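The values are calculated or read from the model by the stated rules, or taken from the named source; none is laboratory data. Please read all numbers here as calculations on a predicted model, not as lab measurements. Neighbour counts are summed over all protein chains in view; Cβ atoms, including those assigned to glycine, are modelled from backbone coordinates with ideal geometry. Please note that ligands, DNA and RNA were not included when accessible areas were found on the heavy atoms of the full protein model with its side chains. Shrake-Rupley method; radii C 1.70, N 1.55, O 1.52, S 1.80 Å.
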Amino acid sequence: MTPSVEVERLQLADVDEVVVATARAFWPDPLFGYFARDHTHHHQFAPSMLRPVIADAQRHGEVWVASTARGVAGSASWIAPGDMPRSKGRDLRIASGALGAFVRGRNRANALRLLGAVDKHHPHEPHWYLALLGVDPRFQRQGVGHALVGPVLARCDAEGQSAYLETQKEENLAFYARFGFEEIRRIDVDGAPPIWLMWRDPVALP
């Protein structure tokens, strides 16, 4: 990690900057690209889709933010054990935040089937759920992602809790494997980009 990076819990005043920085991490992105009509649409809808996910994590878990002298570098949104699956009310809040983008998107039916299949296979065991991790491309490969997931993974190990995530980028499998995550399933639906599900058991502390 670069010395100039600080990681701390999200403050309400920083939400807009955090949403924008996190959205930059998803350019390009196979799932968003499958859904977007074109490059302009991709850039427009990414923040509106991610904002309610970050807000939900802030209410039902923890959001960690990496900041530098050049601005926000990225964020990690975690849902606490016992708060998944989301209630219908929470799902509606997230869906309504992305409604404008969804209405104008393409491949909507396949996208819904894919997300439904992912939800169906969400583990029932207590765990911390990494709902969203994004690092602005300007700060990638500088240890920012490692710093963002570190606080909650350290808590998982200290408290004997497991962790779980999903990723739509195959290259992320090796990244998450460095933290002890293992692939448990790959979800494929009707030509949509695959999504990988990963699980991490806590590391026994000495």
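For the range 132-191, which positions are touching a residue at least 40 places away in the same chain (Cβ under 8 Å), among the polar types (S, T, N, Q) and buried (at least 20 other Cβ atoms within 10 Å of the Cβ)?
Of everything in the range 132-191, just one residue is touching a residue at least 40 places away in the same chain (Cβ under 8 Å), among the polar types (S, T, N, Q) and buried (at least 20 other Cβ atoms within 10 Å of the Cβ), namely 168.
Is it the case that residue 4 is surrounded by fewer than 18 Cβ atoms within 10 Å (Cβ to Cβ) and outside any helix (DSSP H, G or I)?
yes
When you check residue 21 against the structure, is it open to solvent by less than 40 Å² (accessible area, probe 1.4 Å) and under 19 Å from residue 196 (Cβ atoms), yes or no?
In short, no.
Could you look through the range 79-88, keep only residues that are aliphatic (A, V, I, L, M) and part of a loop (DSSP other than H, G, I, E, B), and pick out the one that is least open to solvent (accessible area, probe 1.4 Å)?
Among them, the one singled out is 80.
Which one of these is surrounded by 20 or more Cβ atoms within 10 Å (Cβ to Cβ), modelled with pLDDT of 95 or more and under 24 Å from residue 194 (Cα atoms): 46, 66, 76, 36?
Exactly one residue qualifies, and that residue is 76.
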